[in-house]
Structures are given as C-alpha cells and as structure tokens.
Amino acid sequence: MQIGVIADTHSKMRPEALEALKGSDLILHAGDVGRDEVLDALEAIAPLIAIRGNIDTAGRAATLPDIQDLEFVGYAFYMLHDVKTLEFDPQGRYRVVIAGHSHKPRNEWVGDVLYFNPGGAGPRRFTLPITVGRLEVSEDGVVGEIIELPV
C-alpha cells in the first residue's frame, strides 16, 4: 500500500506536490491545511484523511478532527499535528506516528516506532526544503521516504 503524506500546505497547493502524490492509494494530511481548495485537489488524486492544524480555523479544515487513530495492513498509525503534544509513549501501541507543524522532514525510527513528518509543502519557511512524504506499507513492514520537491 502506497500512502502519500503531506502537511503544512497553508492554503498553497503546489502542482509539484500533487504530482509527487499521484499513484497513492491514500493521502494523509497532517494539518495546517488552509483553504478548502487544498482538500479538493488532494481528494481528486486519492481518498484523503486529514486532521486540523493550528491555522485551521475556517472552512472545511476547521471541522477536521485533531487526531486520527488509523490502521493499515495490520499496523497502527497515530496522526496529530504537533508531535510535541503527544501525551503518551507510542511504543508497543503504534508502529507509526505522523505529525506536521515543524515543517522539518523526519523519517526516524525510535525503538519500534517510525516518527514521520513529511515536512512543509506550502510556503517556504526559513531555509527548510519543500517536501512531501510517502509510506510503503506491506506485511513486511513500513518504509518511509521524504520527497524534496523541485520548486
């Protein structure tokens, strides 16, 4: 299963991000969506599961949940906007924790948990790259990839 992961679009839906997410079986948006057009564009590519970020105070994004507790191919996933607000130890409970907020890409195993942040796909923040992510989920495990966009 190919899962596209995006975060921190801040109302800017880059064509390069859409292209990178094509072929996904599912797309996860880890918050700070912005305008409804972002959700519409992602839903045109694949089924979408999104959460609300700290800027999401209007439109469809304001009605999104704060977290998502998900399961794919038998693996438990937890998605929240800011990993710093995670109030429990996911070890032994979740295989993947997905977060956004920092705009800093992260694809790091800590114990048995993959901490995955696709980075920021919207307006550039500081000198950080513009990125999205991909998770390959199979019975053999979960593999994360950060994709830097040519912008």
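Filter segment 33-55 for residues that are over 10 Å from the mean Cα position of the chain (by Cα) and assigned to a loop (DSSP other than H, G, I, E, B) and give the result. If the condition is that a residue be over 10 Å from the mean Cα position of the chain (by Cα) and assigned to a loop (DSSP other than H, G, I, E, B), then VAL33, GLY34, ARG35, ALA44, ILE45, ALA46, PRO47, ARG52, GLY53, ASN54, ILE55 are the ones that fit.
Close contacts from segment 71-96, counting a first residue that is more than 21 Å from ALA7 (Cβ to Cβ) and in contact (Cβ under 8 Å) with a residue 24 or more places away in the chain and a second that is surrounded by fewer than 19 Cβ atoms within 10 Å (Cβ to Cβ) and small (Gly, Ala, Ser), with Cβ to Cβ under 7 Å and a gap of 6+ residues or different chains, come to VAL73/SER138. Could you look through segment 17-42, keep only residues that are in contact (Cβ under 8 Å) with a residue 24 or more places away in the chain and surrounded by fewer than 16 Cβ atoms within 10 Å (Cβ to Cβ), and pick out the one that is nearest to MET79 (Cα to Cα)? Top of the filtered list is ASP25.
Only residues that are in a loop (DSSP other than H, G, I, E, B) and touching a Pro at 6+ places or on another chain (Cβ under 8 Å) were counted across segment 1-24, and they come to 3. Restricting segment 97-109 to residues that are assigned to a loop (DSSP other than H, G, I, E, B) and touching a residue at least 24 places away in the same chain (Cβ under 8 Å) leaves a set whose member that is surrounded by the fewest Cβ atoms within 10 Å (Cβ to Cβ) is LYS104. Checking the stated criteria, THR57 turns out to be within 24 Å of LEU39 (Cα to Cα) and loosely packed, with under 14 Cβ neighbours inside 10 Å. Taken together, VAL38, VAL5, VAL33 contain a single residue that is in contact with a Phe, Trp or Tyr (Cβ under 9 Å, 6 or more places away or on another chain), closer than 21 Å to SER102 by Cα and among the aliphatic types (A, V, I, L, M), which is VAL5.
Of PRO123, PRO150, PRO129, all but one fail to be surrounded by fewer than 18 Cβ atoms within 10 Å (Cβ to Cβ), more than 12 Å from the chain's Cα centre (by Cα), closer than 18 Å to ALA17 by Cβ and modelled with pLDDT of 95 or more; the exception is PRO129. Residues in segment 110-151 that are over 27 Å from GLY34 (Cβ atoms) and outside any strand (DSSP E or B): GLY111, ASP112, GLU139, ASP140.
The values are calculated or read from the model by the stated rules, or taken from the named source; none is laboratory data. Quantities reported herein were computed from a predicted structural model and do not represent experimental measurements. Note that we place each Cβ from the backbone using ideal geometry, even for glycine, and neighbour counts take in every protein chain shown.
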